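For reference, the structure discussed in these notes is given below.
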Amino acid sequence: MSTLYITGAGVSAESGIPTFRGQDGFWTIGSVNYTPQEMATRAMYVRDPIQFLSWYYHRFATYRHHGPNAVHEWLADKNLITQNIDGLDGKAGNKDYIAIHGRLDQMTLFHEQGDDVEVIAAPWDDVDEDNLEYSLMDIFRIDSAPELYASYKPYVLLFDEFYTELYRISEAQQRMVQAERIVFMGTSFSVNITQMALEAARSNNTPVEIVDPEPVTVPLDNVVYHRMTASEYIGKN
């Protein structure tokens, strides 16, 4: 595992999935009453599961049938941690990538963070869009509010949650420490996992490469910036 690749939403843009912080991104479009940062929280899921699940369905689950692009195919045999929940790396054939923020196609029992629970398939295709709210509440086994170890929750790490072994955090950190090179592709460096990786690179003096048309400048000396898209990068490598 000489090179570790860490990918963000920019990698899936060519598959027709909006990036998070672009003009049409998930985090720039909220519900009628709440910002995305307020919606994508455990607190909102508990307080207003109908609104949370409806937002989640429209913002994420409607993209569930999109396919991988050339970048995902290129990464299929690579040592990979992705921030994306779209599952496209798995569709491309990567058998051991870490989906550090969860997976759109999966769900878990609603549980206390840190507890060991099974990850199972999310039955999005069973959703009745003509009766969306009722259907979502039925699928996730919610009456008025989600109940611990009775209801289900999308397998996604929310803003007010923390990394646990459910998301393979220890293995991810081990990969960062062991990497001889870390390549970031299509990420805004706005989440904790990228900061963890940068800290590991700083501690171990690991060479870093950043692939993005408008790359974020990071406070490290040993950095190479590739001002290009991920697809342009793989064409040169």
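Since every read-out is calculated from the coordinates, none of them should be taken as a lab result. Bear in mind the structure is a predicted one, so any value in this text is a computation, not a measurement. A quick note on method: Cβ atoms are made from the backbone with ideal geometry, for glycine too, and the neighbour counts reach across all protein chains shown.
Taken one residue at a time, the phi angles of the range 61-67 give Karplus couplings (6.51, -1.76, 1.60, θ = phi - 60°) of 5, 5, 9, 5, 9, 5, x Hz. Gly and Pro are set to x.
The residue among LEU104, LEU4, TYR57 whose Cα reaches farthest toward the positive pole of the charge dipole of the chain, with charges on the beta-carbon of Lys, Arg, Asp and Glu, is LEU4. Please report, to two decimal places, log10 I(q)/I(0) for the range 98-162 at q = 0.13, 0.14 Å⁻¹ as given by the Debye formula with identical point scatterers on the Cα atoms and no solvent. Each listed q corresponds, in turn, to -0.36, -0.42.
Model label sites at ARG181 and ALA150, defined 7 Å from Cα along the beta-carbon direction, differ in position by 5.4 nm. Taken along the Cα-to-beta-carbon direction at a fixed 7 Å, the label points for VAL224 and ARG202 span 2.3 nm. Sites count as exposed loop sites when they are GluC sites (Glu not before Pro), lie in a DSSP loop, and have at most 10 other Cβ atoms within 10 angstrom; the longest stretch of the chain without one is 119-237. Computed over the Cα atoms of the range 106-237, pair by distinct pair, the Kirkwood hydrodynamic radius stands at 17.8 angstrom.
Would you look at the GNM of the chain, springs on alpha carbons closer than 10 Å, and say which of SER54, SER188, SER144 moves the most? Per the Cα network of the chain with a 10 Å cutoff, SER144 tops the list. The H on the amide N of TYR155, modeled in the peptide plane, is under 5 Å from the matching H of ARG103, GLN106, MET107, THR108, each at least 5 residues off or on a different chain. Bridging of LYS236 to lysines at a Cα separation below 24 Å is possible for LYS78, LYS91, once same-chain residues fewer than 8 apart are set aside. Relative to the dominant Cα principal axis of the chain, helix 192-204 is inclined by about 30°. When the alpha carbon gyration tensor of the chain is reduced to an equivalent ellipsoid, the three semi-axes, largest first, read 31, 19, 16 Å.
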